[in-house]
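Single-structure report; data block below.
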Amino acid sequence: KTFPGDFIAEGIDQTRGWFYTLHNIGTALFGKPAFKSVIVNELILDKHGVKMSKKLGNVLDPFELMEKYGADSIRWYFMVNNPPWMSTKFNVEDIQNTVLADFFRSITNIYQFYAQYANIDSVDGNETFIPIEDRLEIDRWILSKSNTVMKNYLDFMDSYELTKATRMVQSFVIDDVSNWYVRRNRRRFWKGITDSEKLAAYQTLREVLHSVVTMIAPFTPFLAENLFQRLRVNTDLESIHLVEFNKENLFQDTDLERRMERAQIIVSLARSLREKSKIKIRQPLSKILIPFSNPQERRDIAVVEDIICEELNVKGIEFISDDSGIVKRFAKANFKTLGKKFGGSTQKVANAIKELSNNHLKMLELNGFVTISIEGNEVAEIALEHVDIIHEDIEGWLVANQGIVTVALDTSLTKELINEGTGREIVNRIQSIRKELKFEITDRIEIQYFTTDSQINNSFETMNDYICSETLAVSCTAKENVNNQIVDINGSELQITLIKQ
């Protein structure tokens, strides 16, 4: 189950014969081909939208591309770029930067993460099954989301919406599996004891990987088969290309998916505010304000409050029943869409839109439409597409909005918060040094440091237990003669030495 390096381009030698190989395998095993249809793309243009021709010198050799990037990556690029019945502007850089660097690397990194810790804990996939109802909520969420994606994927495939299907799988792998589930569960894999909670994390991630590999198999047969064989146990079929799709009786929890989606939106908005204010994510903040419009909405957010706070590195959430105290809304008419509906009355309606109150605009964002009075006489229904809504922050707060979700971030910093933020920066640098020195992830260390910066020294003193715990350090002491590594902490110099125990 080890991971012997980058295998994205494996199987390229067989690229030209894969079509016939699948045909022959299917015929030998089942008396019929292993595929039901062949996808043929529309015209392939160069990246500027010009038809390829030898005369213009913009023709690309497909076999050279497959030798360099792999047939799987090119096939996936054609599907995810645009529907096959539309002409494709072929940009080689997109294969490297989007398919290989983003999507394929995400899949292989997820597997690499799983395999690395499974090897350490001697987990081989044959352990006693942990029932879904006994797993943590985040496990149940990713399994439910995976099954929802599978059902939608099969619907898209049945209706020949191949681009929608592949884009959905790509987004799920990058946003939900890699950037959310794996990142949020790293500590469960790190901890030394392989208890039922840790085993549930292994089983959940393996099940999700199996689902993803099944969905990408029609488009990336070599990558899918390679991953499947690495995950395979004795009770599995011989090949991923023999696995049948299934969307019946799959575990789904739509309420859980809704709550987690709300948490992801809130986290995304608040992170954008951190970037806007240039406050690093490692710097803790005191709170965020979240307005809610009904009790159910507040309950949904409260259930995932711990996740939101951990993701944003804030101490807590303060709920308010209305956002009028932190957000001002202004509106102006979108004449392009407004004129099509109201014709000669467009200017009257535009004047009425200017006068819409904050509450009217909230209802417009919530429901998608609002009924307004024009010059006290006529009544018109205004849709969201007829209006450009402008949000203006209240002084002292950073505010972001997406649809009905509004988040306000308190950026004030206390001495305690600054100490904690500096401590997290120190941990980050120590972890980087561990990697540079090629320490094993289980190696214990001794930390020696020296700095003239009072803030860094104060953080070492107040955050000593945290720093040692996060870096597997048995001790962390200040010394004057430290000459190993020099790192930057918020513009100040820190000398540090790590000694493996």
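The values are calculated or read from the model by the stated rules, or taken from the named source; none is laboratory data. The shown structure was predicted, so the numbers you read here are calculated from the model rather than taken from an experiment. Virtual Cβ from ideal backbone geometry, glycine too; neighbours counted across all protein chains shown. Heavy atoms of the whole protein, side chains included, go into the accessibility calculation; ligands, DNA and RNA do not. Shrake-Rupley method; radii C 1.70, N 1.55, O 1.52, S 1.80 Å.
General observations
- Per-selection metrics, segment 256-340 (Cα): Rg and Dmax in Å: 15.7, 50
- Compactness relative to 2.2 N^0.38 Å, alpha carbon Rg of segment 349-501: 1.82
- Largest to smallest principal axis extent of the C-alpha atoms in segment 226-299, angstrom: 53, 33, 17
- Taking every Cα-Cα distance in segment 169-259 and sorting them into 10 Å bins starting at zero, the pair-distance distribution P(r) comes out as 14, 41, 36, 9 percent.
- Cross-link reach is defined here as a Cα-Cα straight distance under 28 Å, omitting same-chain residues fewer than 8 places apart; for K68 the lysines meeting it are K1, K47, K51, K54, K55, K89, K164.
- DSSP bridge pairs, the chain: antiparallel proportion in percent, nearest 5: 75 percent
- For segment 104-158, the normalised intensity computed at q = 0.13, 0.15, 0.18 Å⁻¹ comes to -0.51, -0.67, -0.91 (log10 of I(q)/I(0), Debye sum over alpha carbons, equal scatterers, no solvent).
- Share of carbon and sulfur in the accessible heavy-atom surface of the chain [1.4 Å probe, %]: 50 percent
- Spherically averaged projected area of the convex hull of Cα atoms, segment 197-334: 14.3 nm².
- For segment 449-501, the gyration tensor built on C-alpha atoms gives an oblate shape. Its axis ratio a/c (a ≥ b ≥ c) is at least 1.5, and a/b is not larger than b/c.
- Our coupling estimate for segment 229-238, obtained by passing each phi through the Karplus curve with A = 6.51, B = -1.76, C = 1.60 and θ = phi - 60°, is 5, 6, 8, 5, 10, 4, 7, 7, 5, 6 Hz, Gly and Pro reported as x.
- Close amide H contacts of K328 (hydrogens built in the peptide plane, cut-off under 5 Å, sequence separation of 5 or more or a different chain): E392, I394.
- Relative packing of peptides 71-83, 46-58, 168-180 - highest average C-beta neighbours within 10 Å first: 71-83, 168-180, 46-58
- Working from label points 7 Å from Cα in the Cα-to-Cβ sense, the S345 to L45 distance is 4.2 nm.
- Computed accessible area, Y153, all protein chains, 1.4 angstrom probe, square angstrom: 0 Å²
- Residues whose placed amide H lies under 5 Å from that of I489, excluding near-sequence neighbours: L494
- Each of K479 and E436 was given a label point 7 Å from its Cα along the Cα-to-Cβ line. The distance between the two points is 1.7 nm.
- Backbone amide hydrogens, once placed in the peptide plane, bring L398 within less than 5 Å of L409, T411, excluding anything fewer than 5 places away on its chain.
- Projected area, mean over directions - the chain, Cα convex hull, nm²: 31.7 nm²
- With protein chains left intact and a 1.4 Å probe, residues in the chain average 52 Å² of accessible area per residue.
- Square roots of five times the Cα gyration tensor eigenvalues for segment 71-225, Å: 31, 17, 12
- Over segment 291-374, the hull volume per residue, using the convex hull of the C-alpha atoms, is 126 Å³.
- Over all Cα atoms in segment 56-140, the spread is summed up by Rg and Dmax: 19.4, 63 Å.
- The phi-based Karplus calculation (6.51 cos²θ - 1.76 cosθ + 1.60; θ = phi - 60°) puts the 3J(HN,Hα) values of segment 86-101 at 10, 4, 10, 7, 7, 10, 4, 4, 5, 5, 5, 7, 9, 6, 6, 6 Hz, whole numbers, x for Gly and Pro.
- Note on segment 212-263: the C-alpha convex hull projects to 5.2 nm² when averaged across all orientations.
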